[in-house]
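In what follows, a structure is listed as structure tokens, so that the remarks can point back to it.
The values are calculated or read from the model by the stated rules, or taken from the named source; none is laboratory data. Small disclaimer: the values here were computed from a predicted structure and weren't measured. Here Cβ is always computed from backbone atoms with ideal geometry, including for glycine, and neighbour counts include all displayed protein chains. Ligands, DNA and RNA are excluded from the accessible area calculation, which covers all protein heavy atoms including side chains. Shrake-Rupley method; radii C 1.70, N 1.55, O 1.52, S 1.80 Å.
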Amino acid sequence: MKSAPCEVRPDHQRGADVRNIVLVGHTGAGKTTLAECLLATADGGEAAHGRAANARHAEHDDTESRQRTLNLTALSTMHRGLRINLLDTPGLADFIGDLRAGLRGADAALFVVSALDGVDGFTRLLWDECAAAATPRAIAITKLDRPQADFASTLTVCQEVFGAGVLPLYLPVGRPRPDEPGPGEQRYRLVDLLAPAESGPASQHGGPGAVAAARDALIEGIIAESEDESLLDRYLAGERLSTKLLLDDLETAVARGRFHPVVATVGNGTDTLGVTELLDLFARAFPSPFEHPLPATSRPDGSPCPLPSGDPDGPLAAEVIKTTTDPYVGRICLIRVFSGTLRPDTPVHVAGHGRADRGHPDHDEDAKIGTISRPLGRAMQQTVEMCRAGDICTVSKIMTAEAGDTLSSPDGPIMLEAWSMPEPQLPVAIRARTKSAEDKLSTALARLTAEDPSVTVEHSGETGQLVLWCMGEAHSDVIIERLGNRYGVDVDRVPVQVPMRETLRGPARGTGRHVKQSGGHGQYAICHIEVEPLPPGFGREFRDEVVGGAVPRQFIPSVEKGVWRQFDLGVAAGFPLVDIRVRLVDGKAHSVDSSDVAFQAAGALALKNAARSAGIVLLEPVLAVCVLTPDAHVGPVTSDLAARRGRVVGIEPVGATVPADPGGRNRTVIRAEVPETEMLRYAVDIRSLTQGTGTFSRSHVRYEPLPEHLAATYLTARTAE
């Protein structure tokens, strides 16, 4: 924004000299390249540019590999007296944990859109999320140096998808010979739409009519968001509004999340079109940390506490937004300081919200800050003496800290409100390849879950499997790759087993006979039982109906214990028996050879025999599934659910609870009941069905009989195992 000088705001001493910006966009949009160009251009020198380029090439020569494994990365630089902290996020929906962390650590978002690929569905969802939080947003259209790039059509797509308030600040116009640029010459130049109208031949190559129309649209858009109601009348009366007046209103609208400027960029290392303009936009229009609301706070015990002041001299309130593990340094934490000042070698209190059900146990303890650094690039850190409120830094050797933890003063510990994190929905069962890998697996998974709160580790007591719940296939690939490369733990994927249940087809009788004689005391126990199925969900029941003392009273509990043990073990496929009543009606005992162990064995044998006589029905778990999708995908989603043996129980438009999308994409909630065996890969399939715009949740509701043909196949497979 070259139309007016960039000035630091009056509250400079309170941290207004910092801008925290998260870069958002799909994989391949050019976020990383643009971030490094911003870093180099802000420093303003060939050395800085070389440093960024070296860091870029040193991390991964394989671009595809880097895109799949990219983490949240912080980069920091100076521009016009302001510190610019950039949080570069991965572009795949699988890495939503890093994306949410980036949104939490930043005060504004730059959406990076490729002029070749446009906007994907996941980027739309993130835009809506930012809109709900009134996060200031701007758009950078990248890759204008490519022959197929089309700025005008990409801008139109952004306006259609992102809604009102999306207008360019600069219009790229072609050079006289755009197909054959001279040495060091750019294919395009940017026309500042708020500067006085240009004249002369240069403007003609960009089309003076297009420039004039874009300028009028921009001015009208700014006036529409202005709090000065007289501006519209003055503009319609033909008055020429000053550039400073328009800029002030534009910056206010951007900071409030109501206006979204678009800047065309190239940023390929040799052509830095639009990079300086973006930096100026960050400095002028994006809010300082203290213009952005602070997260709510509470005490570690849940009691209320005052909101942090945001003053660098006030009480400490900082948050770990990302942790990584370095094989030489140990754990490194990326930290956003919301209040107070973080200093090295000082004690802090580390408090976590705890997600015990997701492998993240609660913790509440003191620790000591190690070295504090500023992230200058992917491979460079600068040690600093402190990190003041509003800034971002990295800290080493806080061994107990995890992503989402709060750092505060030990004298007055607090906790910042946790940011929302979707539940991982893709189960991946793994098994250690060797005994040595098995010994190290638990430690490696504990470290991985500390780094990535979006993965959950489940040790299934029913199937005995170790299951990683991930966000998608790419996420699971990265987790397994890190286990092998970083921690030396090689694992194999195995099919996920769904825990089922067994029940009876009808009533039956059974006899358990446990009679053995092998010298000394023998074993003698006989019992007769009757079994019958109960209504679904009724549970399991044992009744003593023995008369005449056929089974001595001291052995009745032994029979019951054996029956209950067999309930849990099952009789056909190894799954627990449910919804069954067992009645002990008769039996025999021996005065010498009968014992507790003998009657336990006899009770279990009686239940096995009776169940085989009655016939076994396999029960599969059924899930209540709630899918949220744009209206355009309702048909494909409902058809797919039906193909999964699901029953759609409700379809309702989203309006009362969730507003329509800013771009006019109304959404629909589809509620269905689907067998769990059909939902193992739904986290992957729903993205394909909805072009990345659909989400879902699920919960267990009940067990239902597995169809006969599937049950036969399943029992055959279990027998073969």
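Filtering segment 316-348 to residues that are of a type in the set (Lys, Arg), buried (at least 22 other Cβ atoms within 10 Å of the Cβ) and more than 15 Å from ALA450 (Cβ to Cβ) leaves only ARG336.
Among all residues of segment 507-515, there is at least one that is over 29 Å from SER595 (Cβ atoms) and in contact with an Asp or Glu (Cβ under 9 Å, 6 or more places away or on another chain). Do we have any residue at all in segment 96-113 that's in contact with a Lys or Arg (Cβ under 9 Å, 6 or more places away or on another chain), at pLDDT below 90, open to solvent by less than 50 Å² (accessible area, probe 1.4 Å) and more than 30 Å from THR406 (Cβ to Cβ)? Looking through segment 96-113, none of the residues is in contact with a Lys or Arg (Cβ under 9 Å, 6 or more places away or on another chain), at pLDDT below 90, open to solvent by less than 50 Å² (accessible area, probe 1.4 Å) and more than 30 Å from THR406 (Cβ to Cβ).
Results for (1) crowded, with 17+ Cβ neighbours inside 10 Å; (2) at pLDDT below 85; (3) not in a strand (DSSP E or B), shown as yes or no for each residue.
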position	(1), (2), (3)
GLY267	yes, yes, yes
THR270	no, yes, yes
LEU278	yes, no, yes
PHE282	yes, no, yes
GLY302	no, yes, yes
PRO306	no, yes, yes
GLY310	yes, yes, yes
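Scanning segment 256-265 for residues that are open to solvent by less than 30 Å² (accessible area, probe 1.4 Å) and either more than 21 Å from THR41 (Cα to Cα) or among the charged types (D, E, K, R) (or both) turns up GLY257, PHE259, HIS260. A search for C-beta distances below 9 Å between a residue of segment 156-170 that is in a strand (DSSP E or B) and any residue that is polar (S, T, N, Q), counting only pairs 6+ apart in sequence or on different chains, returns VAL166/GLN159; LEU167/GLN159.
Every listed requirement among (1) surrounded by fewer than 18 Cβ atoms within 10 Å (Cβ to Cβ); (2) without any contact (Cβ under 8 Å) to a residue 60 or more places away in the chain is met by ARG513 save one, (2). In segment 239-247, the condition of being open to solvent by 40 Å² or more (accessible area, probe 1.4 Å), modelled with pLDDT under 85, farther than 29 Å from TRP419 by Cβ and of a type in the set (Gly, Ala, Ser) is met by at least one residue.
Does GLU532 satisfy the condition of being open to solvent by 30 Å² or more (accessible area, probe 1.4 Å), among the charged types (D, E, K, R) and under 54 Å from the mean Cα position of the chain (by Cα)? For GLU532, the condition - open to solvent by 30 Å² or more (accessible area, probe 1.4 Å), among the charged types (D, E, K, R) and under 54 Å from the mean Cα position of the chain (by Cα) - is met.
The residues listed here are ALA624, ALA611, ALA598; of these, the one that is among the small types (Gly, Ala, Ser), surrounded by 16 or more Cβ atoms within 10 Å (Cβ to Cβ) and within 51 Å of the chain's Cα centre (by Cα) is ALA611.
Residues in segment 544-554 that are crowded, with 20+ Cβ neighbours inside 10 Å and among the acidic types (Asp, Glu): there are none.
So that you can scan it fast, the table gives a plain yes or no per residue for (1) under 53 Å from the mean Cα position of the chain (by Cα); (2) in a strand (DSSP E or B); (3) of a type outside the set (Phe, Trp, Tyr); (4) buried (at least 19 other Cβ atoms within 10 Å of the Cβ):
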| site | (1), (2), (3), (4) |
| --- | --- |
| VAL489 | yes, no, yes, yes |
| HIS521 | no, no, yes, no |
| PHE542 | yes, yes, no, yes |
| ILE556 | no, no, yes, no |
| GLN566 | yes, no, yes, yes |
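Pairing each residue of segment 362-388 that is modelled with pLDDT under 85 and in a strand (DSSP E or B) with any residue that is open to solvent by less than 70 Å² (accessible area, probe 1.4 Å) and among the basic types (Lys, Arg), provided the two are 6+ apart or on different chains, yields C-beta distances under 8 Å for LEU376/ARG51; GLY377/ARG51; MET380/ARG51; GLN381/ARG374; GLN382/ARG374.
Filtered by the rule that a residue be of a type in the set (Gly, Ala, Ser), open to solvent by less than 10 Å² (accessible area, probe 1.4 Å) and either over 16 Å from ILE141 (Cβ atoms) or not in a helix (DSSP H, G or I) (or both), segment 26-42 gives ALA29, ALA40. Under the condition of being among the small types (Gly, Ala, Ser), in a helix (DSSP H, G or I) and open to solvent by 50 Å² or more (accessible area, probe 1.4 Å), which residue from segment 121-155 is modelled with the lowest pLDDT? Filtering first and then ranking leaves ALA132. Within the option set ARG501, ARG505, being more than 30 Å from ASP439 (Cα to Cα), in contact with a strand residue (DSSP E or B) (Cβ under 9 Å, 6 or more places away or on another chain) and surrounded by fewer than 15 Cβ atoms within 10 Å (Cβ to Cβ) holds for one residue only, ARG505.
Annotation: LEU605 fulfils all but one of (1) of a type outside the set (Ser, Thr, Tyr); (2) open to solvent by less than 60 Å² (accessible area, probe 1.4 Å); (3) in contact with a strand residue (DSSP E or B) (Cβ under 8 Å, 6 or more places away or on another chain); the unmet one is (2). Taking the criterion of being among the small types (Gly, Ala, Ser), touching a Lys or Arg at 6+ places or on another chain (Cβ under 8 Å) and at negative phi, the residues of segment 285-318 that qualify are SER288, ALA318.
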